[in-house]
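The values are calculated or read from the model by the stated rules, or taken from the named source; none is laboratory data. All of these numbers come straight from a predicted model, not from anything done at the bench. All Cβ positions, glycine included, derive from the backbone under ideal geometry; neighbour counts span all protein chains shown.
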Amino acid sequence: MKAGTAIATLCAACLSVSQVDASDVSVKAWAIPEYHTLNSASPFAPGAAQSRFGKNRTREEFELRARVWDVNLVATAATTAMEQYKPEYTTFVNELNYDFSLAGERFSLGKKIVSWDVGFGYRPLDLLQQENRRSIVTTTLEGIPYLAWETFSGDSAWMLIYANPGQGRAGVAKNDESVALKYYLRDGTTDWHAVARLSERHHFETGAAISTVPLESLEVHGSLLYQHRFEQQYNSLIGTAGVPLSSGDPMRSQTREHAVTALAGFTLTGEAGFSLLGEAWYDATAYSAAEWRDVKELVSRQAGLLSQGIPPAAVSGNSAYSLHYFDQPNVLKENLLLRLSHRHEGENWEPAVDLLCTPADGGLVTTASLAYSGNHFRVDGGVRQYGGAGGSAYRLLPEERIIYFALQGFW
Amino acid sequence: MCNFIVTCFVVCITALQAQAGDVARYLKKADSYRLEADAMQVETDVKLFKSGVLDKERLYTVYLKNGRRSLVLMQSAGEKGQKVLMIGDDFWQIMPQSQRPIRITPMQKLLGDASVGDIATMNWSEDYDGSVAGEIDVDGVLCFHLSLTAKNKGVSYKRIELFIAKNDSRPVKADLYVASDKLAKQARFSVASVKGRRQVTAMAIKDQIQTGRETVISYLTRKARSVPDEYYNPMFLTRNDLKE
C-alpha cells in the first residue's frame, strides 16, 4: 500500500492547488499478475534461479495524470512482488513538463516522453525514448529530462532537443546526454521524418522514416537508422579452452562501428473491424544466429560441469551472466512480426494474436490476448509462448510461457 | 429539330445546376444547426447504449476549423491524453502511453468506443454533394430527401440519405452507408433553442449492423474559437499548450 499512499498524497496535493479542478486530474490503477513457466530444458536454466526468468510476480501501479498551472504531470507509484525476492516499491515521474511560447517560438522543458519512430514491433528512430517494445502490457513510458525548441508551420515541424543535460555518458544508454534534431514534413497522404543525434556513446546517428496511407484501409511505413558506433555485450569465455568458468563477471562490452537498422511494415484494416499488422526489421546491433550458437555451446558446456563435481553455485552463477544476451531490444538481427486483432466500433471485446519470428534460427514467439473495456475499467488477459526450432534463441530462453492478466480501473 | 434538342439539353443542364445549387444551399443551412462559425470549440458527451442499457459514457472536446480540420481531445478518465487529428482525408492519433503521433487510416478511425468521424465531423457541405430525391414525411415533419454521395475519400460514410425539414432545413434523419454500400447507421437529430438560436442539441445514432446498439451524441457547449494553424500540425499533438 506504500505506492497507493504515495499516489493518494500526490492526488490530494494536486487537488489542493487552487487552480486545479477535478477534471484536470485522473487516476489509473493497475494490478498485473503474471505466471511464468520455467523452461527447464534450456541450457540457461541453471542461471535462471539467479534471475527474474521463470518467476511468478504481481505488479500494482497507480498512475496520476494532472495539469497544474499549465504544467503537465504524470506520476507512477508501483509495487512489484516476485517469487524469492523482497517486494519492491518505486515511485517515479513519467512526465513533468512545461510547454510555452517565447518571442513567437515554442519551447518545452522538464521531463517528457519523446517517441519518434513509426514502427510498432520495433522503433529504430526512438533514439531518446528507448523502451522494451515487447512488454506484454503497455503502461505509460518514463520520459527523459530535456530542453527543447520547436517550430511549426501548417505541414512541417523542427525540433531541437537537449536531452539528459549534464549526464554525459550514463550507466544506461537511455540516460545519456545528447543533442538531437528532428524534422517532420507532411506531404499529402505521406509523413516524412528525419532525425540526427550526437552522443558520446553512439557519436553520430541519423535516420529517416516514412508513413503513408495509399488506400483507405492500408497504411505503409518504414524507417532507416545509421549509427556510427554501437556497443554489444559478449561473454569473454566463448572460445576459450579449459574449464569455462569465471570467478568474476565474464561479460565484456565491445564497441563496433557502422550499424544500419531498417524496418518496413503495414497495417491493413477492414470494414469488419479486423486489423492486420505486418513488420519486418533488421537490427545490426543485435546478435546473429552464429553468436547465439556460440553462447549456447558455452552455457551447455557449463551445464555439463554439474555432473563433474563442480559446485552448482559456480555453474549457475556463470550461466546467469550469459542471460544478459537476452537484454537486447531484439534477440536476433532479423525479425518478422504479424499481428491480427479485431475491434468493432463500440465493441467491448478486443481479441488479438501475434507471431514474432526470427527466420535466421527458426525462433517463434506467439502471443494471444483478449481485452475487455468497460466504462471505468479494462481487463486484459493473455498467454505468451516462446518456442520454435530447437536451438533457436527463443527456444533457449529459460522461460517457456507467460500467462498474464491486467486489471485496470480509471477515475 | 436540332434546335429543339439543344434547347432540351440546355434546359436539363440548367435544371441540374439549379438543383445542385439547391442541395449546396440546403446543406449549408443544415450544417448551420451544428456549426455556427467557421472555427469552433465543441464539448461533446457520448453515451453508448446496448439493448437500451448505458454501456459507456465518454467526453470529448472538439476543435473545428475550415479546411476540414478537426482536433479531438479525449477527456474521460480512461482516455485522458488521447488525441485524434483530422485534416481533410488524413488522420493521426496519439496515445498518452507513448506520446507519438501516428498516422491512422480512414478505416481505423471507425474503431474504438465511438466513431471519431461521428464526433468530429459536423459539416456535410464540404464533404458531400448530390440531388434532391423528393419530398417525404418523416415523423410528421415534411422533409426534403437529399441523396448525397461523398466527394472526399476519407469520410466515414460514402453515401448519406439525408432528410431535412422543408420549412427550415433543420436535419431530421440520416441514413448512413459505408463503402460497401451497406446501411451502417441511422441518425436522428434533436433540435432545440439554445441562447436564442435553433441548434442540434443531440444526435441519436442506431447501429444497423450491430442491432440493439445506439450512440447518443450530445453537444454540451459550443463556442466560436479559432486556434492557430500550427495546432493542426500532427507533431503539435505532443504539446500541451492548448488550454481547454
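Overview of results
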item	result
Any hit, the range B:141-155, residues being touching a Ser or Thr at 6+ places or on another chain (Cβ under 8 Å), in contact (Cβ under 8 Å) with a residue 24 or more places away in the chain and either within 9 Å of chain A (Cβ to nearest Cβ) or small (Gly, Ala, Ser) (or both)	no
Those residues of the range A:358-379 which are under 23 Å from residue A:401 (Cβ atoms) and either within 14 Å of chain B (Cβ to nearest Cβ) or in a strand (DSSP E or B) (or both), in sequence order	A:358, A:363, A:364, A:365, A:366, A:367, A:368, A:369, A:370, A:371, A:372, A:379
Exclusive hit being crowded, with 17+ Cβ neighbours inside 10 Å and in contact with a helix residue (DSSP H, G or I) (Cβ under 6 Å, 6 or more places away or on another chain), set B:173, B:185, B:109	B:109
Within the range A:38-95, tally of residues that are surrounded by fewer than 19 Cβ atoms within 10 Å (Cβ to Cβ), of a type in the set (A, V, I, L, M), touching a helix residue (DSSP H, G or I) at 6+ places or on another chain (Cβ under 7 Å) and closer than 30 Å to residue A:114 by Cβ	1
Residue selected from the range A:241-279 under the condition closer than 30 Å to residue A:313 by Cβ and in a strand (DSSP E or B), by the criterion nearest to the other protein chains (Cβ to nearest Cβ)	A:253
Qualifying residue in the range B:99-108 (condition: over 22 Å from residue A:220 (Cβ atoms), within 14 Å of chain A (Cβ to nearest Cβ) and part of a loop (DSSP other than H, G, I, E, B))	yes
Lone unmet requirement of (1) at pLDDT 95 or above; (2) within 14 Å of another protein chain (Cβ to nearest Cβ) for residue A:229	(2)
Contacts under 6 angstrom Cβ, first residue in the range A:97-113 being under 15 Å from residue B:235 (Cα atoms), partner assigned to a strand (DSSP E or B) and small (Gly, Ala, Ser), 6 or more apart	A:99/A:108; A:108/A:148
Condition met for residue B:60 (within 14 Å of chain A (Cβ to nearest Cβ), crowded, with 20+ Cβ neighbours inside 10 Å and at pLDDT 90 or above)	yes
Identity of the residue in the range B:191-207, more than 12 Å from every other protein chain (Cβ to nearest Cβ) and surrounded by 15 or more Cβ atoms within 10 Å (Cβ to Cβ), that ends up farthest from residue B:49 (Cα to Cα)	B:199
Scan of the range A:126-147 for residues that are within 10 Å of chain B (Cβ to nearest Cβ) and hydrophobic (A, V, I, L, M, F, W, C), ordered by number	A:141
